[in-house]
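Quick notes on the structure that follows.
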Amino acid sequence: MAKLYFRYGAMGSSKTANALMVEYNYMERGKRALLVKPRLDSRDGDYVIRSRIGLEKEGILLETLVEMKDEEIKAWDCVIVDEAQFATKSQVEFLVHIVDELGVSVICYGLRTDFRREFFEGSLWLMAWADKIEEIKTVCWCGKAATCNARIGEDGNMIRDGEQIVMGGNDKYTALCRKHHREGKLRP
């Protein structure tokens, strides 16, 4: 039975590595899994899905997926969406269509909230509509569970205001526990 999964975690929780490993597991079993990412995530090129530990593979854009014919999508055993927080409500509705009408499971990976601890549009609707929601865990510098994403400014301090989306990796973001996020404490 097809399901819509939302696997979320803070920055550095290996979401993309997990997505790539799941795709590999499908391939190893003779199944077809389609890797997808939103156009907004062009850090590694338009079609490259790359993890921080160096795993990478080409996929297609989410914008392309929503234009595909149902029969084309049904040829896949699974659709895996990385950076799903950047999806729009209508794109998440299309993912629901893939699951409910086409019978193809969709596994989404992404951030739950931004650096202000507010939902991204895609995350909000995935939290509302996913059949199964799973947290991918990581830790704060203090050893507690890191559930918050902190944006780091040029001066090395935490930023609390600004555009919701600023692309970056370890140079711009770090995962913190809620307490240290509230305190703005990026390190011991």
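The values are calculated or read from the model by the stated rules, or taken from the named source; none is laboratory data. Remember, predicted model here, so these are calculated numbers, not experimental data. Here the Cβ positions follow ideal geometry from the backbone for every residue, glycine too, while neighbour counts run over all protein chains shown. SASA here: full protein model, heavy atoms, side chains in, ligands and nucleic acids out. Shrake-Rupley method; radii C 1.70, N 1.55, O 1.52, S 1.80 Å.
Of Gly110, Leu95, Ala75, which is farthest along the charge dipole of segment 34-124 in the positive direction, counting Lys and Arg as +1 and Asp and Glu as -1 at C-beta?
Gly110
Carbon and sulfur atoms: what percent of the 1.4 Å accessible area of segment 30-188 do they account for?
Details: 3800 of 8290 Å².
On segment 30-188, the fraction of accessible area on carbon and sulfur atoms equals 46 percent.
In the structure displayed, which of Lys37/Lys57; Lys144/Lys179; Lys3/Lys74; Lys89/Lys137 lie more than 20 Å apart, Cα to Cα?
Lys89/Lys137, as the Cα separations exceed 20 Å there.
For segment 75-188, what is the accessible area per residue in Å² when the probe is 1.4 Å?
49
What helices does the chain have that are whole DSSP H segments, at least 18 Å long along their own axis by Cα, and with mean Kyte-Doolittle hydropathy of -1.0 or more?
Membrane-span-like by this rule: 15-28, 89-102.
Sequence gap at least 6, Cα distance under 8 Å: using those rules, report the relative contact order of segment 1-62 to the nearest whole percent.
That works out to 32 percent.
Which order do peptides 111-122, 82-93 fall in by mean Cβ count within 10 Å, highest first?
Values: 111-122: 18.7, 82-93: 21.5.
Final packing ranking: 82-93, 111-122.
Run the quick spin-label model on Ala2 and Asp46: label points 7 Å from Cα toward the beta carbon, then report their separation in nm to one decimal.
Going from the Ala2 label point to the Asp46 one covers 2.7 nm.
May I ask you to derive the relative contact order of the chain, considering only C-alpha pairs under 8 Å and at least 6 residues apart, and to give it as an integer percent?
27
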